[in-house]
Amino acid sequence: MSSILETYVAMHGGSKTLAEQAATVFPSGVTHDARAFTPFPVYVQRAQGPRKWDVDGNEYVDFIGGHGALLLGHNRPEVMAAARAAMERGTHFGASHNLEIEWGQQVIQMVPCAERVRFTSSGTESTMMALRLARAYTGRERVVKFVEHFHGWNDQLVGRLTDEDEHPHSVGVPDSIYDNLTVLPAGDVVALEATLSARDTAAVILEPTGAHWGTHPLSADFLREVRRLTSATGALMIMDEVITGFRMAPGGASERYDVLPDLTTLAKILAGGFPGGCVTGRAEILDFIEMRDGDAEWNARRRISHQGTFNANPVSAAAGVAALRLIAEGDHCAQADRTAAALVHGLNELFRAESVPGSAWTASSMWHVNLGYDAPYPTDVEWDSPEEPEGVLPVLMRPLRWALYNHGVDLMGNGGMVSSAHGEREVHDTVQAFRAAVGDLRGEGLLG
């Protein structure tokens, strides 16, 4: 009988050939760190709704969903029609256009803190602009982030603590950039209060669900403490909703948890599956970007300049308007949540019935798996254990993904993103794929 890896290689010959070509073009053969995979990644040819097909004709239930950008699923007809119509008019006018106004207005209608909007081309750019705005507005330089919270690859926020080092580092970034970065344990109110008491912090930035879209869950009560402490000490609260925006509710995690930040960063769902990001929030902060006629001092020395060739490009704007209106007027966030809950219930029933050492949980329509240790189960679907989930043990991560690919499921990390296009069939097929994968792992002595 073929091993899990042998089966993976046999089923993905076309992907193997393309990976060999890519290895001569790209570092590690990929264009995004998350797509690097051993012995080679799967190459996808097309997608529709909640599914995608690779170059070898294998079909998958897709839980990557454009890295979280596709709440409505692949190729949502209304979004695609809007994008096609915009393309017919022109992909780049080098000028203002009506669609950018409609897009910005839709953001302001949906996002609780939104009074002004500035579009960018990505989530990384939106967090860069948010920090710059915070420093300009407060006149301070220090930024506080939390361990493992991801905010794109801009220089200051990629800083990480290693071992016992108190100073963050990142290869390729001057250490001096981190002189004004403080990295704190997530959920530690005492440490945050002590740091903010110096009143030199411009902003606290965080992922509202906890690091890596809820892989390390964060209590909503902690968000409220961040809001309280930043308000009391003159720091800004930046909620990085690049992933959670328009997913956890039409107004994102801010609406779901009823916490109002000063600034919110957005991307992914914002542009309906096309490139696009923005920073939004209080007008008095965003207005540090505005140009003032007759005020040379402001324009030359005080305002923040901001360019970007593809900011609010008409195709992304059209797709974004269409997607956000569907989300605002429909039940898509709740539908995705319900499907994710059904999936987690199904997986936990399987794990209990088969005595699998693991458990599953959700953060809204984002789900995660523990595997390889006796993990506690959530009372319902959201993580409520006092202990931190360990996720899939490292020794199992690669074999699990091979096995799930072999049985028709594509994970994102230790779980995935559910769209409103996923339904009962996808839940059933995913549970059955896990059942088969568990059998494969046990057959090779990898899982108890």
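Values in this text are rule-based calculations from the coordinates and carry no lab data. Being a predicted model, the structure only gives us computed values, none of them experimental. Glycine also receives a Cβ, built like all others from the backbone with ideal geometry; neighbour counts cover every protein chain displayed.
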query: Considering only DSSP beta bridges with both partners in region 77-329, what is the antiparallel share in %, to the nearest 5?
result: 45
- line: Bridge orientation stat for region 340-392 from DSSP, antiparallel percent rounded to 5, came to 75
- prompt: log₁₀ I(q)/I(0) of the chain at q = 0.06, 0.08 Å⁻¹, via Debye over equal Cα point scatterers, no solvent, to two decimals?
  reply: -0.27, -0.48
- request: Let me see the pair-distance distribution of region 77-329: every alpha carbon pair, 10 Å bin width, integer percents in order.
  value: 8, 31, 35, 20, 6, 0
field: Distance in nm between pseudo-label sites at A85 and R442 (7 Å out along the Cβ direction from Cα)
entry: 5.4
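Pull out a ≥ b ≥ c, the square roots of the eigenvalues of the alpha-carbon gyration tensor of region 330-448, then state rounded if a/c is under 1.5, prolate if not and a/b is larger than b/c, and oblate in the remaining case.
oblate
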message: Taking the Cα of A283, stepping 7 Å toward and past its beta carbon, and measuring to each backbone N in region 227-268: which are under 19 Å?
response: 261-264
field: Long-range tail of P(r) for region 49-190 (Cα pairs > 21 Å, %)
entry: 64
query: Once the mean 1/r over all distinct Cα pairs of region 137-234 is inverted, what Kirkwood radius in angstroms do you read off?
result: 13.8
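Taking square-rooted eigenvalues a ≥ b ≥ c of the alpha carbon gyration tensor, is region 60-137 rounded, prolate or oblate, where a/c under 1.5 means rounded and, failing that, a/b exceeding b/c means prolate?
oblate
Evaluate the Kirkwood expression for the hydrodynamic radius of region 364-430, namely the inverse of the mean inverse distance over all pairs of different C-alpha atoms, and round to one decimal in Å.
Numbers: mean 1/r = 0.0754 Å⁻¹.
13.3 Å is the Kirkwood radius here.
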statement: Shape descriptors of region 258-339 over alpha-carbon atoms, Rg and Dmax in angstrom, are 16.7, 56
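Grab the DSSP H runs of the chain that are 4 residues or longer, score each as -39,500 (n - 2.57), total them, divide by all residues and round the 222 nm result to the nearest 500 deg cm²/dmol.
-11500 deg cm²/dmol
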Amide H partners (placed H, <5 Å) of F146, local residues excluded: L184
- prompt: What is the magnitude of the charge dipole of region 34-74 about its Cα centre, with +1 placed on the Cβ of each Lys and Arg, -1 on the Cβ of each Asp and Glu, and no other charges, expressed in debye to the nearest 20?
  reply: 120
- line: the chain: relative contact order from alpha carbon pairs under 8 Å, six or more residues apart, as a whole percent, is 20
